[in-house]
Amino acid sequence: MPNPKTGSDLYDPEHLYAAARLYYEENQGQSEIAQQLQVSRPTVSRMLSQAREAGIVQIKVVHPSAHSMDATSIELAETLGLNHCYVAPGIQSPNSLGQLGTGMAPVTREAIQDMNLQVGDGLVVASGLAMYNVSRMELPTLRGVVISPAVGGLAEPEPWHQTSEIARALAQNTGSTYVPLFAGVMPSAPLYTALHEDIAYQQIKHLWATAKGALVGIGSKTSGRTSLASAIPKKALSDAEADICLHFFNDAGEELSFPGVERTIRIPLEDLRRIPSVAAVAVGDEKVNPIITASATGVLNSLITDERTANQILSQLGK
C-alpha cells in the first residue's frame, strides 16, 4: 500500500489509484482512508477529485431503461444491416424551435467516441437540422482531428444548410480544427471550373478521400420537404425518398440524377462508402422511411436515433 506523505507526492497517479480503490472498490470511508494513508480527510477528498479528473475513476450515469435500449439497439442494427445503432430513450424529436431532445447528446457522444478518431484523422460533417443541433451539443474532445464540410452551403438562407458554419461550431465544441468550404451547393459552370483549381478546395477533396469518420443527416422525402438547399431542384426529385449529403435515393436505394448534378458540391458517393465510420443522426416520424431507404444504400455504418423512431422502424419492417 503506497504511503503518501505531503506535497506533490499525494497526487502521484499510484497514490490517487490507491485512494480511489479503497473508496470505490473496498467501500472504505474517507476517514479510514486518511488513517491508512496518513493524511487528512480533506486531502483524501481532494485526491478522489483528482482521480476523477485524471480518468482513474470513471463514473457512468445509466438511464433506467438502458438495458431495454441495448436490446432495441441490437435488434435495430440487425434489421437495418448496420454495424451499430445508438438509441436514446423516449421521444427526442425536434421541438417547435427545431431543437433535438437533450437525450440525443449522450448517444451522439458515444457514437463519436466509437469512431476512435486519432490526431490527424478527418471527420466529414454534413448539413441539415440534425447536424446543426449536433454541432451545438456537448461532445467529446477531438484534438488533432480535422473537420471538413461534406457539401457546399455558402450563402444559404437557413443556418442549418450553411455547412462551413456547422463545421466551425463542431470544431469549437470538440477542440478540433476545421477547413471551411467556400462554395455554394451548385455554382455556375465557370465558378465550378475555377473552384477545382483552388488550393483550399483541393484540400477539401483530399479530406473527403482520406476521412476516417462522417456525421451525416438523412433527408426526408423530397416532395414533402419544406427545407432543402436552395439550389436543389426539388420538383425534379419527386421520387427521392431520402438523401445523404445531397445524394438522393429512391425507395429501392438507387441514386437519382437531377439538373445540375454535375456541378453539385458534395462528397463523392465512393468516398462516403469508403469511410470506415459513417454515422447518421435521424429522429422523428417523418424519418422512418428515409432511414430504411438510406440504410439500404450501403453508405451508413451506424444510426443515432430515439426509441420511438426505432420502434416505428421495427414495426414497419415486421419486427
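Criterion applied to 211, 229 was being closer than 30 Å to residue 145 by Cα and either of a type in the set (Phe, Trp, Tyr) or modelled with pLDDT of 95 or more (or both), and the one residue passing it is 211. Scan the range 272-293 residue by residue and report those that are in contact with a helix residue (DSSP H, G or I) (Cβ under 9 Å, 6 or more places away or on another chain) and under 14 Å from residue 79 (Cα atoms). Residues satisfying the conditions are 288, 289, 291, 292.
Against the list (1) touching a strand residue (DSSP E or B) at 6+ places or on another chain (Cβ under 9 Å); (2) surrounded by 15 or more Cβ atoms within 10 Å (Cβ to Cβ), the condition residue 203 fails is (2).
Consider residue 193 carefully, then state whether it is among the β-branched types (Val, Ile, Thr), touching a helix residue (DSSP H, G or I) at 6+ places or on another chain (Cβ under 7 Å) and open to solvent by 50 Å² or more (accessible area, probe 1.4 Å). No: the conditions fail for residue 193.
Which members of the range 30-41 meet the condition of being in a loop (DSSP other than H, G, I, E, B) and either touching a His at 6+ places or on another chain (Cβ under 9 Å) or open to solvent by less than 30 Å² (accessible area, probe 1.4 Å) (or both)? Can you show your working first?
So in the range 30-41, the residues in a loop (DSSP other than H, G, I, E, B) come out as 38-40.
Matches in the range 30-41: 39 only.
Taken over the range 281-310, the criterion of being out of contact with any Lys or Arg (no Cβ under 9 Å at 6 or more places or on another chain), open to solvent by 10 Å² or more (accessible area, probe 1.4 Å) and outside any helix (DSSP H, G or I) is satisfied by 296, 300, 301, 302. I'd like to know if the range 79-94 contains one or more residues that are closer than 24 Å to residue 312 by Cα, exposed (fewer than 13 other Cβ atoms within 10 Å of the Cβ) and free of Cβ contacts under 8 Å to residues at least 12 places away in the same chain. The answer is no, given that none of the residues of the range 79-94 is closer than 24 Å to residue 312 by Cα, exposed (fewer than 13 other Cβ atoms within 10 Å of the Cβ) and free of Cβ contacts under 8 Å to residues at least 12 places away in the same chain. Selection over the range 240-259 of residues that are in a loop (DSSP other than H, G, I, E, B) and either out of contact with any helix residue (DSSP H, G or I) (no Cβ under 9 Å at 6 or more places or on another chain) or within 26 Å of residue 115 (Cβ to Cβ) (or both) gives a count of 4. Can you spot a residue in the range 227-238 that is touching a Phe, Trp or Tyr at 6+ places or on another chain (Cβ under 6 Å), more than 15 Å from residue 127 (Cα to Cα) and assigned to a strand (DSSP E or B)? There is no residue in the range 227-238 that is touching a Phe, Trp or Tyr at 6+ places or on another chain (Cβ under 6 Å), more than 15 Å from residue 127 (Cα to Cα) and assigned to a strand (DSSP E or B). Quick one: how many residues across the range 23-39 are under 16 Å from residue 59 (Cα atoms) and in contact (Cβ under 8 Å) with a residue 12 or more places away in the chain? Of the residues in that region, 2 qualify. Looking across the range 42-57 at every residue that is loosely packed, with under 14 Cβ neighbours inside 10 Å and within 16 Å of residue 9 (Cα to Cα), the one that is modelled with the lowest pLDDT is identified as 54.
Among the residues making up the range 231-255, those that are farther than 18 Å from residue 156 by Cα and open to solvent by 40 Å² or more (accessible area, probe 1.4 Å) are 235, 236, 238, 239, 251, 252, 254, 255.
Go through the range 116-130 and give me each residue that's at pLDDT 95 or above and open to solvent by less than 20 Å² (accessible area, probe 1.4 Å). If the condition is that a residue be at pLDDT 95 or above and open to solvent by less than 20 Å² (accessible area, probe 1.4 Å), then 122, 123, 124, 125, 126 are the ones that fit. Residue pairs whose Cβ atoms lie under 7 Å apart, sitting 6 or more positions apart in sequence or on different chains, and linking a residue in the range 216-230 that is open to solvent by 10 Å² or more (accessible area, probe 1.4 Å) to a partner that is hydroxyl-bearing (Ser, Thr, Tyr) and assigned to a loop (DSSP other than H, G, I, E, B), are 223/238. Within the range 149-158, does at least one residue satisfy the condition of being open to solvent by 10 Å² or more (accessible area, probe 1.4 Å), modelled with pLDDT under 95, touching a Phe, Trp or Tyr at 6+ places or on another chain (Cβ under 8 Å) and small (Gly, Ala, Ser)? Within the range 149-158 (the criterion being open to solvent by 10 Å² or more (accessible area, probe 1.4 Å), modelled with pLDDT under 95, touching a Phe, Trp or Tyr at 6+ places or on another chain (Cβ under 8 Å) and small (Gly, Ala, Ser)), the answer is no, since none of the residues qualifies.
There is no residue in the range 85-96 that is assigned to a helix (DSSP H, G or I) and among the aromatic types (Phe, Trp, Tyr). The condition of being open to solvent by 90 Å² or more (accessible area, probe 1.4 Å), under 21 Å from the mean Cα position of the chain (by Cα), at pLDDT 85 or above and among the hydroxyl-bearing types (Ser, Thr, Tyr) holds for only one of 72, 102, 108, that being 102.
Within the range 154-205, being under 23 Å from the mean Cα position of the chain (by Cα), under 13 Å from residue 229 (Cα atoms) and not in a helix (DSSP H, G or I) holds for 154, 156, 158, 162, 185.
The values are calculated or read from the model by the stated rules, or taken from the named source; none is laboratory data. For clarity, every value in this text was computed on a predicted model and none was experimentally measured. Because the Cβ atoms are built from the backbone with ideal geometry, glycine has one as well, and the counts that use them run over all protein chains shown. The accessibility values were calculated without ligands, DNA or RNA, using every heavy atom of the protein model including side chains. Shrake-Rupley method; radii C 1.70, N 1.55, O 1.52, S 1.80 Å.
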